[in-house]
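J.: Below is the structure I would like to discuss, written out as structure tokens.
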Amino acid sequence: MDGRDQLKATVDSLVQSGKGILAADESGPTIAKRFKGIGVESTEENRRAYRNLLLAAPGLSAFISGVILYEETLIQRADDGTPFPELAARLGLVSGIKVDAGKIALSHAPGDEITQGLDGLAKRLGAYKEQGARFAKWRAVYNISDTLPSRLAIEANADALARYAAICQDEGVVPIVEPEVLMDGGHTIERCAEVTEAVLHEVFHALHRHRVVLEHMLLKPSMVVAGKEQARQAPVVEVAAQTVRILRRTVPAAVPGVFFLSGGQTPAEATAHLDAMNRLGPQPWALSFSYGRALQDPVLQAWKGQAANARSAQDALLERARLNGAAREGRYDAAMEDAGRQRPAKGT
Ligand code: 13P
């Protein structure tokens, strides 16, 4: 297979009806924060056991096409000694890897941030590919206020995302381009729409400038929502309409898939929003999920670091994956949440 065929094959295996991506690529400090929330120490073995539990959830590939891993997980092994990417492939899941090196303050732009990690990226991607990764992720972060993000932050992050995407495609790895407009703050949904439109417009301008093949990438945006501290939280249908309106203005039809991040929404909110978008009718791109917290929060709560809870934790993951798989097709109903809670626990 030549490079382009390989990229196309990876895109096709990620973009499947009824399926989305599990983001399990929390960096060291982030997973430590999630574990702290359930009273679990972040040791290498605890992280391995937790990621093992996620990947090995029986039947996960019915609703999940790919999983984003952190560098450490890529080289760790499952309970039976199989390297995680190999286990994932055997279970029908495509492995991806977070390749950015996190964010730092953007010089001369108070309040803005820039994502780093371009130096040596091609070489790292070569090694990740050998280890089984077929797609990558790079997250740019935008803080919102009346004045943020600045033009400088919008342009600098767009350029870094596009450089990353071009390097990935050179190495035969599908780039997931993730511009995240944060939910922190008291801004209105209208302000979020304005910022998201400016951000996405600039991202696609930069992708064009860097000759990124749009057919061979995926977009992972945030949804258009009001800030967490804003008193008026928009109803589900308004979030869906605003998000799709901004995507239609900015995302070329050649992009095969839009896989949203959850960004701090509750699991049920993230599912309802995706469902409502898919109910608006056919769009040029598939609208799916690439959730971290919205898939994993109930899993962490059920697990609590105890091996004896592994099966009920896996059931919690399968339940959220199933509901999001339905939302991916516009076939979710809030009543399905209660049905899930009433179903007796399996494998006891
Ligand atoms: P959340 O869905 O928790 O926002 O995580 C997705 C992700 O990959 C963040 O980079």
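J.: Quick check on region 30-48. Is at least one of its residues touching a strand residue (DSSP E or B) at 6+ places or on another chain (Cβ under 8 Å), open to solvent by less than 40 Å² (accessible area, probe 1.4 Å) and within 25 Å of Leu274 (Cβ to Cβ)?
T.: No, the conditions are met nowhere in region 30-48.
J.: Another question about this same structure. Determine if region 332-342 includes at least one residue that is in contact with a Phe, Trp or Tyr (Cβ under 8 Å, 6 or more places away or on another chain), modelled with pLDDT of 95 or more and either open to solvent by 20 Å² or more (accessible area, probe 1.4 Å) or within 18 Å of Val239 (Cα to Cα) (or both).
T.: no
J.: Which of the following residues is under 18 Å from Gly20 (Cβ atoms), touching a Leu at 6+ places or on another chain (Cβ under 8 Å), part of a strand (DSSP E or B) and not small (Gly, Ala, Ser): Pro175, Pro179?
T.: Within the list Pro175, Pro179, the selection yields Pro175.
J.: Now a separate question. Do we find that Ile189 is open to solvent by less than 10 Å² (accessible area, probe 1.4 Å) and more than 21 Å from Leu207 (Cα to Cα) in this structure?
T.: Yes, satisfied.
J.: Given Val173, Val177, which one is touching a helix residue (DSSP H, G or I) at 6+ places or on another chain (Cβ under 8 Å) and within 16 Å of the ligand (Cβ to nearest atom)?
T.: Val177
J.: Could you tell me which of the residues Gly292, Gly305 is surrounded by fewer than 23 Cβ atoms within 10 Å (Cβ to Cβ), of a type outside the set (S, T, N, Q), touching a residue at least 24 places away in the same chain (Cβ under 8 Å) and touching a Ser or Thr at 6+ places or on another chain (Cβ under 7 Å)?
T.: The conditions single out Gly292.
J.: For Leu14, which of the numbered conditions (1) within 17 Å of Leu91 (Cβ to Cβ); (2) surrounded by fewer than 23 Cβ atoms within 10 Å (Cβ to Cβ); (3) within 16 Å of the chain's Cα centre (by Cα) fails to hold?
T.: (2)
J.: Identify the single condition in (1) farther than 24 Å from Leu121 by Cβ; (2) assigned to a helix (DSSP H, G or I) that Asp79 does not satisfy, given that it satisfies every other one.
T.: It fails just one condition, (2).
J.: Right, Ala240: touching a Cys at 6+ places or on another chain (Cβ under 7 Å), modelled with pLDDT of 95 or more and either away from the ligand (no atom under 14 Å from the Cβ) or open to solvent by 10 Å² or more (accessible area, probe 1.4 Å) (or both) or not?
T.: Taking the combined requirement at face value, the residue does not satisfy it.
J.: For the subset of region 182-200 comprising residues that are part of a helix (DSSP H, G or I) and acidic (Asp, Glu), which member is nearest to the chain's Cα centre (by Cα)?
T.: Looking at the filtered set, the residue picked out is Glu197.
J.: Could you tell me which numbered condition Glu86 fails, if it satisfies all but one of (1) within 24 Å of Cys168 (Cβ to Cβ); (2) touching a Leu at 6+ places or on another chain (Cβ under 6 Å); (3) not hydrophobic (A, V, I, L, M, F, W, C)?
T.: Glu86 satisfies all of (1) within 24 Å of Cys168 (Cβ to Cβ); (2) touching a Leu at 6+ places or on another chain (Cβ under 6 Å); (3) not hydrophobic (A, V, I, L, M, F, W, C) except (2).
J.: Sticking with this one: Of the residues that make up region 145-156, is at least one among the aliphatic types (A, V, I, L, M), within 23 Å of Ala24 (Cα to Cα), open to solvent by less than 10 Å² (accessible area, probe 1.4 Å) and not in a strand (DSSP E or B)?
T.: no
J.: Out of the residues in region 79-108 that are under 22 Å from the mean Cα position of the chain (by Cα) and closer than 26 Å to Leu148 by Cβ, which is least open to solvent (accessible area, probe 1.4 Å)?
T.: Ranking the candidates gives Val99 first.
J.: Further question: Looking at this structure, is Arg4 more than 16 Å from the ligand (Cβ to nearest atom) and modelled with pLDDT under 95?
T.: Yes, satisfied.
J.: Name the single residue that is nearest to the ligand (Cβ to nearest atom) among those in region 109-144 being in contact with a helix residue (DSSP H, G or I) (Cβ under 7 Å, 6 or more places away or on another chain) and open to solvent by 70 Å² or more (accessible area, probe 1.4 Å).
T.: So, considering only residues that are in contact with a helix residue (DSSP H, G or I) (Cβ under 7 Å, 6 or more places away or on another chain) and open to solvent by 70 Å² or more (accessible area, probe 1.4 Å), the one nearest to the ligand (Cβ to nearest atom) is Arg134.
J.: Condition check: within 15 Å of the ligand (Cβ to nearest atom), open to solvent by less than 30 Å² (accessible area, probe 1.4 Å) and of a type outside the set (A, V, I, L, M, F, W, C). Does Thr266 satisfy that?
T.: The answer is no for Thr266.
The values are calculated or read from the model by the stated rules, or taken from the named source; none is laboratory data. Predicted model only: the values in this text are computed from it and were never measured. Note that we place each Cβ from the backbone using ideal geometry, even for glycine, and neighbour counts take in every protein chain shown. Heavy atoms of the whole protein, side chains included, go into the accessibility calculation; ligands, DNA and RNA do not. Shrake-Rupley method; radii C 1.70, N 1.55, O 1.52, S 1.80 Å.
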